[in-house]
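This report refers to the structure that appears directly beneath it.
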Amino acid sequence: MQYQAASIEQEAQAFWESQASFIAKPDPKREKFYCLAMFPYPSGKLHMGHVRNYTIADVIARFQRMLGKNVLQPMGWDAFGLPAENAAIKNNVPPAAWTADNINYMRDQLKRLGFAYDWTREVTTCEPDYYRWEQWFFTRLFEKGLAYKKQAEVNWCETDNTVLANEQVVDGCCWRCDNPVERRNIDQWFIKITDYAEQLLNDIDQLDGWPEQVKTMQRNWIGRSEGVELQFDVDGHGPLSVYTTRPDTLMGVTYVAVAGQHPLAQKAAESNPELKAFLSSIANTKMAEADLATAEKLGMATGFTAIHPITGREVPVWAANFVLMSYGSGAVMAVPGHDQRDWEFATKYGLPIEQVIEPSNGDACDLSTAAYTQKGILVNSGDYNGLSSAEAFETIAAALEAAGKGHKTVQYRLRDWGVSRQRYWGAPIPIINCDKCGAVSVPEQDLPVVLPTDVEFDGVGSPIKKMPEFYETTCPCCGGPAERETDTFDTFMESSWYYARYASATNGKAMLDDDANYWLPVDQYVGGIEHAILHLLYARFFHKLLRDEGLVNSDEPFKRLLTQGMVLKDGAKMSKSKGNTVDPQALIDSYGADTVRLFSMFAAPPEQSLEWSDAGVDGAHRFLKRLWRMAFEHIDGTADTPEKPLTAKDVRRKLHETIAKVTDDYGRRQTFNTAIAAVMELCNELVRLDQSDSASREVMREGLSVAVRLLAPIVPHVCHSLWQALGYKSDIANEAWPEVDQAALVRDEIELVVQVNGKVRAKMAVGVDASKESIEQLALAQDNVQRFIADATVRKIIVVPGRLVNIVAN
């Protein structure tokens, strides 16, 4: 009987569907396991990164199911977002229709791969029955003061009358019309994630199942720092506030730098055309915080001077492109002697560079080549000379506070979450703007605010901004004429709580219900490292908001996190632009889903990058055919007699050693490649079993049943078929995981290495209860040992129990 992947896989999938094998229902009597892979954007087709990600999660879910746990593994679609708008422009298809077509195609692909999803819980974020609850929750946050509106900078294309994402700005111009993009302040909606900064930071310590790398990235993004907020007085313009984590360097300030949008810079520009032009030039240059260290430093003097809060010395105020208005107060005290960014700016513009810190070990530092940025001992600092940086922090902070010029404070790098987008394909923000009442939340009974989907989309502005039938309404408070908010939510809003909605996906009357507290938190989350900061941070934040609203009773959404590596081809990440993609559908058609799944799991550990290999795919397929042949040769009684057969006892010991290893690989280590290798090694042992007697045939049957169960999470279709062919009537997807028979692990003999003067010269088998004397005699009798001690005198024999014998001779 030949291995026919297509028919085997169709039969298995039809069986699972008819049996509703993966429908998950709460059962308080069983231990639950919620396994989740990050849901995909419906871009049109699955790529190999999707296949790897979802196979990893499916392997974990199926393994946990076989351990007897009540498993939930759902799937859905992160369906709003900019790519659908771009596709609508390119293909002249409304985003809703384009998205729905893609979802239908990709759903079929996922089903072809045999993933054990509960499809009754499918969520699609662009559907009103999903984003209705997001809107409802936002109104709760708005009423509690956690959601608010303020002006913030965006990329603005005047030609297309639209806000652009950073990736749509190419060399300072619009990607579509190639006209210059400007930085513009417009009203935006924010959620106060900063109110939860300390919780988000402290609760990282609860995340024992997360990679240390990801936890470090989260800590750095939150960026807690202890420092001093202090004031410089500026020429009759009042105090200029700055924040510093290095008050020990305060005596080395030689200038103050402000952002181009800072009120001081703008005020100075009113009477200085050259400065005004400079501020305009840097305003239209997008500068992310990560770029500050490497970007060319540009600046211009404002003409203002600031008064040092301790010395009273005047220092110039400069406008500089390395200061961002969106961070802190938009102003920094510049200490070029001890900050490299300040040093580069001062060097370029000929500003003073003064040393006020010297190394604690007395070494000299050359400030003509670079800033000295380490902490040390204060010099050239008046009354503070000789203090360590730590001592000076406290002393200078106290002096500033006594003078009413500053105070110690804790700050965070984290900024409030901007959730509004001036684009069409997103969930409408449930706010009504009234000239009399201001911003008013849409009443619960009027939700959802449905996004019109029958629109003409030309990419010039958002269609709903041109649709009076959408935005014209009445104020819920005063009944007067008002307008709906035409901004839509950032898609991070949808992806920040979808994991929770799966638990209550069929409830049309509530965002979440009691089922959420049964299933949550997610026991295993699987997704790319590229989501390690924003998505995971926003989801953690959203979970705490849900908790504080009484909707969940846990602090964190995800217990254990696995971040899988990329799929590479010829050393580069697979991408359409590089022309190195591999179509999963073509592979499924040629080899079957199980081969694709097996290769994806065998080629590399989950966290590491996977290098694509056509030969590796062929090898995976050959192994499945071999497994199939082994099983049917046993069933049909046609197996060849091996040349050097193993005993049934040795094979059974190997069998149960393999169970122990593979169980650990699946569960604790999550190294599925080594689990597969162990089963392959077991198969090599099984074929050396002489099946001519009934006892050996029984061991072979046991070995095949174990191998099939050990592989079932990875290659479920072929294992489903083989399980039935071996005569078992149960559904292997819900079959119990094999257990180790400790008695089978007991050995009559053990193998010892024999060394002569520390070099291996032989290996020998001895009884487990052999005496030290008999081990020594047997070691001396080995032919190869005799060759190396024939002309020597044996001085000592060292026996390390269970491991080796070392003969010392000269």
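Points worth noting:
- The range 573-608, subset modelled with pLDDT under 95 and among the hydroxyl-bearing types (S, T, Y), residue farthest from A12 (Cα to Cα): S577
- Residue selected from the range 641-658 under the condition touching an Asp or Glu at 6+ places or on another chain (Cβ under 7 Å) and of a type in the set (V, I, T), by the criterion farthest from G703 (Cα to Cα): T641
- Whichever residue in the range 343-368 is of a type in the set (S, T, Y) and assigned to a loop (DSSP other than H, G, I, E, B) and, among such residues, is surrounded by the fewest Cβ atoms within 10 Å (Cβ to Cβ): S368
- Boolean, K772 is exposed (fewer than 12 other Cβ atoms within 10 Å of the Cβ) and either within 30 Å of M66 (Cα to Cα) or in contact with a Leu (Cβ under 8 Å, 6 or more places away or on another chain) (or both): no
- Of all the residues in the range 115-139, those that are under 19 Å from Y499 (Cβ atoms) and in a helix (DSSP H, G or I) number 13.
Results for (1) closer than 26 Å to M574 by Cα; (2) out of contact with any Lys or Arg (no Cβ under 6 Å at 6 or more places or on another chain); (3) buried (at least 20 other Cβ atoms within 10 Å of the Cβ); (4) modelled with pLDDT under 95, shown as yes or no for each residue.
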{"site": "K45", "(1), (2), (3), (4)": "yes, yes, no, yes"}
{"site": "R52", "(1), (2), (3), (4)": "yes, yes, yes, no"}
{"site": "K69", "(1), (2), (3), (4)": "no, yes, no, no"}
{"site": "L72", "(1), (2), (3), (4)": "no, yes, yes, no"}
{"site": "W77", "(1), (2), (3), (4)": "yes, yes, yes, no"}
{"site": "I89", "(1), (2), (3), (4)": "yes, yes, no, yes"}
{"site": "D101", "(1), (2), (3), (4)": "yes, yes, no, no"}
{"site": "K111", "(1), (2), (3), (4)": "yes, yes, no, no"}
{"site": "F115", "(1), (2), (3), (4)": "yes, yes, yes, no"}
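- Elements of type helices (runs of 4 or more DSSP H) in the range 651-745, at least 3 residues being among the β-branched types (V, I, T): 672-686, 694-711
- Matching residues in the range 572-591 - criterion: being assigned to a loop (DSSP other than H, G, I, E, B) and touching a Leu at 6+ places or on another chain (Cβ under 8 Å): M574
- Only one of the listed residues (M493, M511) is in a loop (DSSP other than H, G, I, E, B) and either at pLDDT 95 or above or β-branched (V, I, T) (or both). That residue is M511.
- Of all residues in the range 389-410, at least one satisfies being of a type in the set (F, W, Y) and either touching an Asp or Glu at 6+ places or on another chain (Cβ under 8 Å) or outside the structural domain of G238 (by the TED database) (or both).
- Lone qualifier among V440, V410 - being over 24 Å from F232 (Cα atoms) and either without any contact (Cβ under 8 Å) to a residue 60 or more places away in the chain or hydrophobic (A, V, I, L, M, F, W, C) (or both): V440
- Entry remark, the range 302-342: residues being in contact (Cβ under 8 Å) with a residue 40 or more places away in the chain and in a strand (DSSP E or B) number 15 in total.
- Hits in the range 226-258 (condition: modelled with pLDDT under 95 and either of a type in the set (D, E) or over 20 Å from A320 (Cα atoms) (or both)): D235, G236, G238
- Tally of residues being touching a helix residue (DSSP H, G or I) at 6+ places or on another chain (Cβ under 8 Å), not acidic (D, E) and not in a strand (DSSP E or B) across the range 169-209: 10
- Summed over the range 407-440, residues that are part of a strand (DSSP E or B), over 23 Å from the mean Cα position of the chain (by Cα) and surrounded by fewer than 22 Cβ atoms within 10 Å (Cβ to Cβ) total 10.
- Check on G337, within 10 Å of Y255 (Cβ to Cβ) and crowded, with 18+ Cβ neighbours inside 10 Å: no
- Residue in the range 646-658 that is of a type in the set (S, T, N, Q) and either touching a Cys at 6+ places or on another chain (Cβ under 6 Å) or surrounded by 21 or more Cβ atoms within 10 Å (Cβ to Cβ) (or both) present: yes
- A61 vs. criteria surrounded by 21 or more Cβ atoms within 10 Å (Cβ to Cβ), outside any helix (DSSP H, G or I) and in contact (Cβ under 8 Å) with a residue 40 or more places away in the chain: no
The values are calculated or read from the model by the stated rules, or taken from the named source; none is laboratory data. Since we're looking at a predicted model, the values are computed, not measured. Note that each Cβ is placed from the backbone with ideal geometry, even for glycine, and that neighbours are counted across all protein chains shown.
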